[in-house]
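Heads up, the thing below is written out as structure tokens.
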Amino acid sequence: MIIKKKSYSENLQDALKNNEKKQYGHAAKDYLLCADHSELSVQEQAHHFLHAAQCFERDEQIKKSASYYLKAAHCYDESHYLQHSFSALKAYARCTNDKKNIQDLLTKLQEKGLQDAEIIEFLPNKEAIYQRLIQSEKFSQSFFSSLKTFETFQHLMKWMSIINITQGQQITQIHQPADSIYFIVQGQVEVCTDQQCIGYVEAMSFFGEIEFFLKQTRKEWSIQVTATEDCKMIQIPYKHIIQIKHYLPQIKPIMAKSYCHRIILHRLAVSPIFSELKPEIRKKLSQHVSVIQLLKQEHLFQEGDDATHAYIVISGKIALYLNIQDYDVAFKEINDNELLGEIAIINQNKRSATASALEESYLLCIPSEIFRQLNQQYPELHDQLHTRRTLQLKEVQDFIRDNLPSLMTEIQLESQ
């Protein structure tokens, strides 16, 4: 008895029917019969190998499934359908631990020009990290931008290590010893003080530079850093920065720039007046904020000056003086994290007092137009500033009322 070989269309109809009936083993065999027809192109054969592999996988025939995923991948590669070949290869990797075939085909696809971010996941750990670095849009701004070859990166790994952090895992804890810079290659972390969230650090950025620059006076973490998603990081111990700087000369300048920016963010976060704003609002504000230094007895502003900035004291002490009968009278001292100079901006007046440094001091400077915008846009800030303005006016009135008689007596005695 001679059994007539079915046509391609009949095999295909059988495959579709068996697939619909969830008879996946039979459907897989029908797809293979389709692929066996000589009139098909290599690309069409690849399609049928892929469908057969999917059916075998659904039928839990994993070895057969893997075999035909690999055949599909090679057929797509031969037909120059690189993305399809890569997709089939990913399915093959799901069904087997055959690293050699995976790596061989990956190499061929890369040589032919396949560029897919997911291909990195198939690479060995160091090479995968290197590829993520150089393919990032932020690579040219990172301190790894001078890397020219993977060989250089491998050499640097003598002084660095790659770490994988799972979502929710703490990387640093407040008061624990600080000894490394952490560069985030993939993922995001949340940065907090012991009181609140300061903000987030994303991929192609880093943390730990504040502790590095203050390591002579601060050897402990001042922040708690927690992964908000799975992360891949490069850990760079402080003690190896000198060796690494030879290959990455921009590492210290970039860290120093970031250090200044993070100091600004941190001070805005712990400032009573700005702490209620959302981290992303403080981050935008920080782009307009600068840091100034005052020497002892140097004026910050004088009575009658235009109100160009509001200030937050980072360190040091600032004295405010009221002019009474042409005498500058010490009214109050402004200390760390305190705001000053904002009332004249809100009222759009000239300065009503003189501010001078009692010792060497550092301050954040917020331009007046930015400060007015914040006051107008954020009700929580507006309410605080309105309360401060009322309290400060009363404070000045109470000071003059309580001290004016004795001040006038001193002035009269000095004038005699």
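Values in this text are rule-based calculations from the coordinates and carry no lab data. Computed from a prediction, not measured in an experiment: that's the story for all the values here. Positions of Cβ are generated from backbone atoms using ideal geometry, with glycine treated the same way; all protein chains shown enter the neighbour counts.
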Quiz item: By count of other Cβ within 10 Å, fewest leading, how are Cys197, Cys75 ordered?
Solution: Cys197, Cys75
Quiz item: So what does log10 I(q)/I(0) come out to for region 210-308 at q = 0.17, 0.20, 0.22 Å⁻¹, using the Debye formula with one equal point on every Cα and no solvent?
Solution: -1.09, -1.31, -1.38
Self-check item: Normalised per residue, the volume of the convex hull around the Cα set of region 321-405 (Å³)
Solution: 111
Practice problem: Please report the orientation-averaged projected area of region 255-388, defined via the convex hull of its C-alpha atoms, in nm². | Solution: 8.0
Self-check item: Size of electric dipole in region 190-321: Cβ of Lys, Arg +1 and of Asp, Glu -1, about Cα centre, debye, nearest 20
Solution: 560
Quiz item: Tilt of helix 368-377 relative to the longest C-alpha principal axis of the chain, in degrees (0 to 90, nearest 10)?
Solution: 70
Quiz item: What is the fewest-to-most order of Thr152, Thr354 by other Cβ atoms lying within 10 Å of their Cβ?
Solution: Thr152, Thr354
Quiz item: Do you know the relative contact order of region 139-214, to the nearest whole percent, from alpha carbon pairs under 8 angstrom that are 6+ apart?
Solution: 26
Self-check item: Between helix 24-35 and the chain: long-axis angle, C-alpha atoms, 0 to 90°, nearest 10
Solution: 70
Quiz item: Near the amide H of Ser180, under 5 Å away, which other amide H atoms are found, from residues 5 or more places off or on another chain, if H is placed in the peptide plane?
Solution: Tyr238
Quiz item: For Gln154, what is the net charge nearby, where nearby means another residue's Cβ is under 13 Å from its Cβ and Lys, Arg count +1, Asp, Glu -1?
Solution: +1
Practice problem: For region 268-325, count the residues as N, evaluate 2.2 N^0.38 Å, and divide the Cα radius of gyration by that value, please. | Solution: 1.39
Quiz item: Where Lys and Arg each count +1 and Asp and Glu each count -1, what net charge lies around Gly25 among other residues with Cβ under 12 Å from its Cβ?
Solution: +1
Practice problem: Specify the longest stretch of the chain that does not include any exposed loop site, a site being one of the trypsin sites (Lys or Arg not before Pro) with a non-H, G, I, E, B DSSP assignment and at most 14 other Cβ atoms within 10 Å. | Solution: 23-111
Self-check item: Computed Kirkwood radius, in angstrom, where 1/r is averaged over Cα pairs of region 126-191
Solution: 13.7
Quiz item: Which residues make up the longest stretch of the chain clear of GluC sites (Glu not before Pro) that lie in a DSSP loop with no more than 10 other Cβ atoms within 10 Å, not counting the sites?
Solution: 138-416
Quiz item: How far, in degrees from 0 to 90, does helix 251-270 lean away from the longest principal axis of the Cα atoms of the chain, to the nearest 10?
Solution: 60
Quiz item: What do you get when you divide the Cα radius of gyration of region 97-232 by 2.2 N^0.38 Å, with N the number of residues?
Solution: 1.22
Self-check item: All-pairs alpha carbon distance profile, the chain, 20 Å steps from 0, percent
Solution: 20, 33, 24, 15, 6, 1, 0
Quiz item: Counting each DSSP H run of 4 or more residues in the chain as -39500 (n - 2.57), what helix-only mean residue ellipticity at 222 nm follows after dividing by all residues, to the nearest 500 deg cm²/dmol?
Solution: -15000 deg cm²/dmol
Self-check item: Value of relative contact order over the chain, rounded to a whole percent, pairs C-alpha under 8 Å and six or more apart
Solution: 9
Exercise. Sequence neighbours fewer than 8 away in the same chain don't count; with that in mind, list the lysines whose C-alpha is under 21 Å from Lys296.
Key: Lys317, Lys332
